[in-house]
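Nothing in this text is a laboratory measurement; each read-out follows from the coordinates by a stated rule. It should be emphasised that the depicted structure is a prediction, and the values quoted were computed from it without experimental measurement. Here the Cβ is made from the backbone with ideal geometry for all residues, glycine too, and neighbour counts use every protein chain on show.
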Amino acid sequence: MPELRHNLLTREWVIIATERAKRPEEFAAEKKERKAVPAFVPTCPFCPGNEKLTPPETYAVRGASGWRVRVTPNKFAVLSYEGQRVRSFQGIRRTVSGVGIHEVIIDSPDHSKSLALLSDAQAGLIIQTYLNRFLFASQDPRIEQVTIFKNHGEAAGTSLMHPHSQMIAAPVITSQLRDRLMNALQHFDEYGECIFCHVLDQELREGTRIVYESDHFVAFVQFAALTPFSMLIMPRRHMACFSEISDAEAADLAGNLRHTLAKLYFGLGDPDFNYTIRTAPTEYTGVKYYHWYLSVIPRLTKMAGFELGSGMFINVSLPEENARFLRKIIVE
Ligand SMILES: [Zn+2]
Ligand SMILES: [Zn+2]
């Protein structure tokens, strides 16, 4: 019989559809072969030498041979950097002027290498850049919510091949984030503990859904994972906000993320995926009840009518099997 599992963190129900569950290998088999990609593409705006094809750079990490990570405003920004945040109310209609920050973070000068194939040191520079941009956006008084994310592959929404990440800093906070903050606060008030620390402790104790452990972070598939192979990479130390990360933790996150993505890359044949940093806004720094993490979501299945119509999810794989499969993929 299928089993419904409750996701403690998102409060969503997931049908673990064992009747139609696929074996882990079957997800890889469905994947089309990607074409070989050269390290440099003369027409690519993100390749070195083509810097004039992007809006002026806002931040970069440089080495002896030029930039190693580069940040520019998104040429097709969804929010505008210039302008004031103005709210207007007309009857029951509410609007806010579309100010915000939409930046592209170019992961490395190499056009062909996704994060899974980069060095831990390069991944470390990417995390440092995320932190810099997160802090930059967070101190802007017009900004309420900062989202750092990556779209990898067509099914994940990429329009440009050169590996990159993005940041969108918005002038409003979503009900999704505020609800999760409130849910975590309510759990803290009722049980006297951080709900995320509780989940992490339990995952470490059971061990069956752990994918990869490093000194400061743990990558695992949730008990009620909403989709196949979706994972959380959670800091062991309790921290509400991404900006509380130490240098040692940032370096360790880089290695853990690179490692976890390499397991996906080699285990499932470079699947399309998104990842995003789920953090409380900086004004929540130090609170005892929220705990930031990075969420990795391979795009192996599509959301269909039932999911859209019900808010319930169908996962056609077993989280424990997903984790066992990925644990066995050994990467350097
Ligand atoms: Zn390129
Ligand atoms: Zn915690």
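Please list the helices of the chain that count as membrane-span-like by this rule: a mean Kyte-Doolittle hydropathy of at least 1.6 together with Cα atoms stretching 15 Å or more along the helix axis, each helix being a complete DSSP H run. In the chain, no H run is both long and hydrophobic enough.
Here the 3J(HN,Hα) profile of the range 226-241, calculated from phi with Karplus coefficients 6.51, -1.76 and 1.60 at θ = phi - 60°, is 6, 9, x, 6, 6, 9, 10, 10, 10, x, 5, 7, 5, 8, 7, 10 Hz, Gly and Pro shown as x.
Whole-Hz Karplus values for the range 18-26 come out as 4, 4, 10, 4, 9, 6, x, 4, 5 Hz, taken residue by residue from phi with 6.51 cos²θ - 1.76 cosθ + 1.60 and θ = phi - 60°; glycine and proline positions read x.
Treating r as the C-beta distance of Arg93 and Gln186 and R0 as 30 Å, the FRET efficiency rounds to 0.45.
For the chain, adding -39500 (n - 2.57) for each run of n ≥ 4 DSSP H residues and dividing by the number of residues yields -9000 deg cm²/dmol at 222 nm.
Using 0.36 nm times the number of residues separating Ala60 and Arg205, minus their current alpha carbon distance, what extension gain do you get?
Length difference between fully extended and current span is 48.1 nm.
Once the Cβ-Cβ distance of Gln84 and Thr18 is raised to the sixth power relative to R0 = 51 Å, the FRET efficiency obtained is 0.40. Measuring r between the beta carbons of Phe266 and Glu193 and using R0 = 45 Å, the FRET efficiency lands at 0.75.
Scanning residues 5 or more positions from Tyr59 or on other chains, those with amide H under 5 Å from its amide H are Val71, with H placed 1.01 Å from N in the peptide plane.
Each residue of the range 278-292 is assigned a 3J(HN,Hα), and the resulting list reads 9, 9, 6, x, 4, 5, 8, 3, x, 5, 7, 9, 10, 8, 6 Hz, derived from the Karplus form 6.51 cos²θ - 1.76 cosθ + 1.60 (θ = phi - 60°), x at Gly and Pro. About the centre of its Cα atoms, the chain shows a dipole size close to 780 debye [charges on the beta carbon of Lys, Arg (+1) and Asp, Glu (-1) only; nearest 20 debye]. Between amide H atoms placed 1.01 Å from N, distances below 5 Å from Ile314 occur with Ile15, all of them 5 or more places distant or on a separate chain.
Summing +1 for each Lys or Arg and -1 for each Asp or Glu among the other residues whose beta-carbon sits under 13 angstrom from that of Ile210 gives +2.
Unpaired Cys in the chain, meaning no second Cys C-beta under 4.7 Å: Cys241. Close amide-amide hydrogen proximity is noted between Asp272 and Arg299, each under 5 Å apart and 5 or more residues distant or on a separate chain (H modeled in the peptide plane; Pro and chain starts excluded). Which of the three applies to the range 1-143, rounded, prolate or oblate, going by the alpha-carbon gyration tensor with a ≥ b ≥ c and a/c under 1.5 meaning rounded? Oblate, since a/c reaches 1.5 and b/c is not below a/b. Between rounded, prolate and oblate, where does the range 73-219 land on the alpha carbon gyration tensor, with a ≥ b ≥ c its root eigenvalues, rounded for a/c under 1.5, else prolate if a/b exceeds b/c? In terms of gyration-tensor shape, oblate. Indicate the gyration tensor shape class of the range 190-332 (rounded, prolate or oblate), computed on the Cα atoms with a ≥ b ≥ c the square roots of the eigenvalues: a/c under 1.5 is rounded; otherwise a/b larger than b/c is prolate and the rest oblate. Because a/c hits 1.5 or more and a/b fails to exceed b/c, the range 190-332 counts as oblate.
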